[in-house]
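The structure under discussion appears below in the form of structure tokens.
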Amino acid sequence: MNKVKSIKNICCIGAGYVGGPTMAVIAQKCPHINVHVVDLNEQRIADWNDADLDKLPIYEPGLAEVVAEARGRNLKFSTDVEKAIDEAELIFISVNTPTKTYGVGKGMAADLKFIELCARQIAKVAKDDKIIVEKSTLPVRTAEALRTILHSTGNGVKFEILSSPEFLAEGTAIQDLHNPDRFLIGGAPTESGEAAVQALVDVYLNWVPRENIVTTRVWSSELSKLTANAFLAQRVSSINAISALCEKTGADVDEIAHAIGKDSRIGAKFLKSSVGFGGSCFQKDILNLVYLCRHFNLPEVADYWEQVIKMNDYQKHRFSKNIIDTLFNTVSGKKIAFLGWAFKKDTNDTRESAAIYVADELLQDRAEIHVYDPKVSEEQIYADLEYLQTNRRPQTVIASETKQSVEYSTLSMEEIRSLVTVHKDPYTAMESAHAIAVLTEWDEFKTYDWGKVYNEMLKPAFVFDGRNIVDKDQLDVIGFEIYNIGKGN
Ligand code: UDX
Ligand code: ADP
């Protein structure tokens with residue numbers, strides 16, 4: 001495989017938040033390459049193929065337009081995994097790698113079972129040499145695991161394994177893919193490894209300038225992904241730590257973020273204090289970094305990064321506790337309206353969303369939660385809460401904050417369904433509520449008729465803005481009691 005291959009057929013295993021948008025953009029920008037995206041989930045594939053572009057399984061601004069352009073031309077979605085593997089010279093693996101919920105490394109390590117299954121399937125099907133690109137959201141020595149499985153087939157087929165981690169952020173995925181800060185490719189420092197790297201560079205070169213394509217060794221590439229996410233999450237936890245101090249002392253965290261962000265060494269991005277970060281990557285990647293450091297006997301390094309997660313748990317807990325404390329120490333039987341459920345705006349993804357944890361804490365006190373989110377489905381909201389009941393991580397910070405251990409009771413699906421109502425209309429969600437909690441920064445929340453909302457709420461009308469997006473001055477004038485993150489009252 002020492003000659004640089006010209007790629008004509010790409011296969012992507014996994015049609016999720018990473019695989020779907022990434023392949024759609026590759027197909028859009030490389031009309032001469034056939035891109036075949038496969039998934040075991042038949043419904044997901046049916047949704048990707050739906051003539052009605054509103055039914056795509058993922059909501060991402062701009063995605064529908066890209067799919068409309070390439071689908072049926074050189075972009076195909078199917079469940080025929082074997083055919084796609086067989087035809088491709090280059091295979092992306094974009095399957096999910098959740099945190100393990102069982103056995104060794106439970107709650108910390110990445111579960112690589114889906115990756116392993118893919119590798120076994122490729123090994124079974126492949127009849128000629130292939131380049132395998134690891135593009136899952138979580139790479140930790142994944143390339144090595146892939147190599148071991150693929151090279152143990154003994155059928156003479158050669159595999160070159162690359163790591164090309166994805167840096168797109170949900171909600172801006174298409175923009176990030178069209179104009180990436182960088183694409184990263186890790187490969188082996190051998191002749192055949194370099195040829196494989198060049199083949200993938202050539203694919204990206206169809207729209208990305210060469211200086212924005214960084215090439216490294218495999219493990220550096222994998223570790224870069226963890227490090228980038230750890231640094232980004234650390235910024236959010238750092239500003240959130242300051243938000244707690246602001247609330248005690250009367251400073252304004254947004255003013256501080258603005259002031260320090262002007263320092264070009266610090267920069268203005270990722271300094272927005274919030275109810276806590278969510279998403280499929282930050283927590284999972286840091287937990288893996290921590291697991292890795294403990295494995296290599298680096299406890300100080302592990303503790304350092306673990307604190308980023310602890311601070312995030314603390315922030316979510318602080319927000320929930322503030323709601324309960326303010327509502328006269330109990331929310332039992334009280335109607336709390338949730339604006340937003342997604343982990344950030346412009347996505348329907350809810351993985352690790354702060355809203356789930358805040359709801360869970362309020363439900364422990366038997367609050368009645370009424371949720372409105374413009375893009376998240378009712379079933380997803382119930383599924384998130386149900387999943388958490390049996391998959392809580394031990395949250396040590398909660399115990400230290402309240403100086404007592406918190407006994408979580410496990411709520412049944414019936415209890416969850418009786419306490420949580422999902423609304424299609426924000427005004428009905430907020431009608432007669434004791435309080436509103438803003439959990440996602442959807443733009444539409446800024447445009448509501450807040451006078452009407454006030455008139456229809458119980459008084460005092462409380463708003464807990466976990467994103468600092470609603471106009472505080474406007475709400476003050478109307479008569480709301482408003483609580484922001486990191487603004488001393
Ligand atoms: C992240 C990385 O940004 C991306 O490069 C990587 O490929 C995947 O993980 P994503 O999780 O999709 O992307 O979204 P991101 O914009 O990073 O936001 C993550 C979380 O942090 C969200 O809950 C967001 O609301 C929160 N956040 C972000 C803040 O609370 N404050 C900020 O200033 C920025
Ligand atoms: P991500 O955010 O990493 O893209 P998702 O969960 O959105 O994660 O997508 C991963 C997709 O991979 C899912 O649609 C899942 O059905 C699919 N998948 C997992 N294992 C396999 C496999 N062995 N073959 C094909 N598809 C798979």
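A few notes on this one:
- 5 angstrom amide H check on T216, placed H, neighbours 5+ away: I185, G186, G187
- Rounded to 10°, Cα long-axis angle of helix 113-125 versus longest principal axis of the chain: 20
- Take every pair of alpha-carbon atoms less than 8 Å apart whose residues are at least six positions apart; their mean separation over the length of the chain yields a relative contact order of 12 percent.
- Using alpha-carbon coordinates, inclination of helix 191-204 to the longest axis of the chain, degrees: 60
- Per residue of the chain, the DSSP helices (runs of n ≥ 4 H) give a summed -39500 (n - 2.57) that works out to -13500 deg cm²/dmol at 222 nm.
- For region 452-464, 3J(HN,Hα) per residue [Karplus equation, 6.51 cos²θ - 1.76 cosθ + 1.60, θ = phi - 60°, Hz, x = Gly/Pro]: 4, 4, 4, 4, 9, 9, 6, 10, x, 8, 9, 10, 10
- Phi-based couplings in Hz for region 376-383 (Karplus 6.51, -1.76, 1.60; Gly and Pro marked x): 8, 7, 4, 4, 4, 5, 5, 4
- Label-point separation, T79 to K248 (7 Å along Cα→Cβ), nm: 5.6
- Remark: region 433-447, residue by residue, has Karplus-estimated 3J(HN,Hα) of 6, 7, 7, 10, 10, 8, 10, 10, 8, 3, 4, 4, 5, 6, 9 Hz, where x stands for each Gly or Pro and the curve is 6.51 cos²θ - 1.76 cosθ + 1.60 at θ = phi - 60°.
- FRET efficiency, S409 to E42 (Cβ-Cβ, R0 56 Å, nearest 0.05): 0.95
- Tensor-based shape of region 82-211 (alpha-carbon gyration tensor, a/c under 1.5 rounded, otherwise prolate or oblate): oblate
- Secondary structure note: in the chain, about 5% of the DSSP beta bridges are antiparallel.
The numbers here are math on the coordinates, done by the rules we state, and not lab data. Computed from a prediction, not measured in an experiment: that's the story for all the values here. Neighbour counts are summed over all protein chains in view; Cβ atoms, including those assigned to glycine, are modelled from backbone coordinates with ideal geometry.
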